[in-house]
Amino acid sequence: MLGDYPLKGRRASEIAAHIEQGVSSGRLAPGTALPPLRDLAAELGVNPNTVAAAYRLLRDRGVIETAGRKGSRILPRPALTPRDQIRIPVPAHARDLASGNPDPALLPDLGPALAAAAEAARAEPVLYGHPRLDPGLHELARGSFEADGLPGGPIAVASGALDAVERTLGAWLRPGDAVAVEDPGWGSLLDLLPAMGLRPVPVRLDDEGPLPDALAGALAEGARAVVVTSRAQNPTGAAVGAERAAELRAVLAEHPGVLLIEDDHGHGMVDQPYRSLVGAGPQHWAVVRSAAKAYGPDLRVAVMVGDEETVGRVSGRLRLGAGWVSHLLQRTVVELWRADAVPVASLAATYRARRDALLTELAARGIEAHGASGLNVWVPVPDETSALAALVQRGWVAAPGARYRIQSPPGLRFTVARLDPADATELANDLAAVLGTDGVDTRLV
């Protein structure tokens, strides 16, 4: 079962540490089955409760998964090996289409906004006991959420979208709980869940977002939370339309006890209308919007609205830890937002033109691809490794789909944020040469 790696330890912490060392060194491969509690307890000469505690520690750290009578196994991708380590070096001759970053040339000049934030801090220094949410940011966020028809819940601020999602999940879930997530989906979220001891349940999707029957299946499996990307879905670019939103709301209406989190990280750089699922049934919910894509990833600011108890728990826990999100950052975002530093319509049009240029060229060569919104185009491929290697030889570096998949078929993610439409023809020709167009199953689901 464990090959040449005999387990050691007398205390739960020692047993858990020894197993983690085996995972880190590669001697315990993903999927390796661990001994039953009583067998390992007898082998080590300890109480079975000690082994149970060790396994519980490992589960909470996202190293193993436990499935009752099926036993415990090393997770396919433990939390200590994050997905973003799966990357292809970019040779000097190649163009990087793997990063997921916005185009720096389209980001606003931060100088005036930072200067205004600094002047505000000079006039009114932020000290202990200061309100944690900048009034200007609260006003802008409130107007944004109300414009999209969201219920009038309290508003909080976090250090980016993932921080907000993590705090919201932590407010309600406990290790061992299941979370319904899009597959393929955001790699950082897929890493976060096992790190929190949570179990991801994959939900298939198409260009319109999560499939209703797939979501219903995940909820039937016992998922206690659902995370949905309303538009600019990473990595496929899916955007939830009106009809799909109605179908998903009908599914959620049967599960009022489920926590609903909507990640609208594309706010500010997409022109698709926002279709919310809030109000369908779940009593506890949160909608998160980040400044990263429109204003720059280093502005670690995200606003969220939710039901009173959820936002209260998130804000209370933040108060006990980091305390607050820097008001220098909050006020910088306020200045950029008020000044319309990056007009949404023009930014969205630019990114749309770059996506459409590639999608059109790929379609002309019989290669189906997905990219309804956002910065990325997803191309299903029969084999990721060979396709990636062949593209690198031709001067293109894409992101391997393994970063984003649980059970969904292989694919490659191309970040088109900096792809000149004039280069789309060359990339499409090279991709067609790598893949061919005969007998390739390009379906997303």
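The values are calculated or read from the model by the stated rules, or taken from the named source; none is laboratory data. Bear in mind that the values here come from a model prediction, so they are computed numbers and not experimental data. Backbone-built Cβ (ideal geometry, glycine too); neighbour counts: all protein chains shown.
The set of residues from region 165-183 being within 14 Å of Gly222 (Cα to Cα) and among the basic types (Lys, Arg) comprises just one member, Arg174.
Quick one: is Gly237 at positive phi and either touching a helix residue (DSSP H, G or I) at 6+ places or on another chain (Cβ under 9 Å) or of a type in the set (S, T, N, Q) (or both)?
yes
Take Pro104 and tell me if it is exposed (fewer than 12 other Cβ atoms within 10 Å of the Cβ) and either aliphatic (A, V, I, L, M) or at pLDDT 85 or above (or both). When the stated conditions are applied, Pro104 passes them.
Every residue in region 292-316 that is closer than 24 Å to Leu259 by Cα and among the aliphatic types (A, V, I, L, M), please. Matches in region 292-316: Val301, Ala302, Val303, Met304, Val305, Val311, Val314.
Has region 421-437 got at least one residue that is out of contact with any Lys or Arg (no Cβ under 9 Å at 6 or more places or on another chain), modelled with pLDDT under 95, surrounded by fewer than 15 Cβ atoms within 10 Å (Cβ to Cβ) and within 19 Å of Thr385 (Cβ to Cβ)? Yes, some residue in region 421-437 is out of contact with any Lys or Arg (no Cβ under 9 Å at 6 or more places or on another chain), modelled with pLDDT under 95, surrounded by fewer than 15 Cβ atoms within 10 Å (Cβ to Cβ) and within 19 Å of Thr385 (Cβ to Cβ).
Can you name the residue in region 405-414 that is in contact with an Asp or Glu (Cβ under 8 Å, 6 or more places away or on another chain) and not basic (Lys, Arg) and is also nearest to His93 (Cα to Cα) among such residues?
If we filter region 405-414 for residues that are in contact with an Asp or Glu (Cβ under 8 Å, 6 or more places away or on another chain), which is where we start, we get 405-412.
Remaining after also requiring not basic (Lys, Arg): 406-412.
Working: Ile406: 32, Gln407: 34, Ser408: 32, Pro409: 30, Pro410: 26, Gly411: 23, Leu412: 20 Å.
Out of the qualifying residues, it is Leu412.
Taking the numbered list (1) part of a helix (DSSP H, G or I); (2) of a type in the set (Lys, Arg); (3) at pLDDT below 95 in turn, Arg77 passes all entries but (1). Hey, does region 332-353 have a residue that's without any contact (Cβ under 8 Å) to a residue 40 or more places away in the chain, more than 28 Å from Leu277 (Cα to Cα) and not polar (S, T, N, Q)? So far as region 332-353 goes, no, none of its residues is without any contact (Cβ under 8 Å) to a residue 40 or more places away in the chain, more than 28 Å from Leu277 (Cα to Cα) and not polar (S, T, N, Q). Within region 157-196, the only residue that satisfies the criterion of being crowded, with 23+ Cβ neighbours inside 10 Å and among the polar types (S, T, N, Q) is Thr168.
All of (1) among the aliphatic types (A, V, I, L, M); (2) more than 17 Å from Leu219 (Cα to Cα); (3) touching a residue at least 24 places away in the same chain (Cβ under 8 Å) hold for Val258 with one exception: (2). A Cβ distance below 7 Å, combined with a sequence gap of six or more or placement on separate chains, defines the contacts here; from region 287-315, residues that are farther than 18 Å from Ser373 by Cβ reach residues that are of a type in the set (S, T, N, Q) and in a strand (DSSP E or B) in the pairs Ala302/Ser290.
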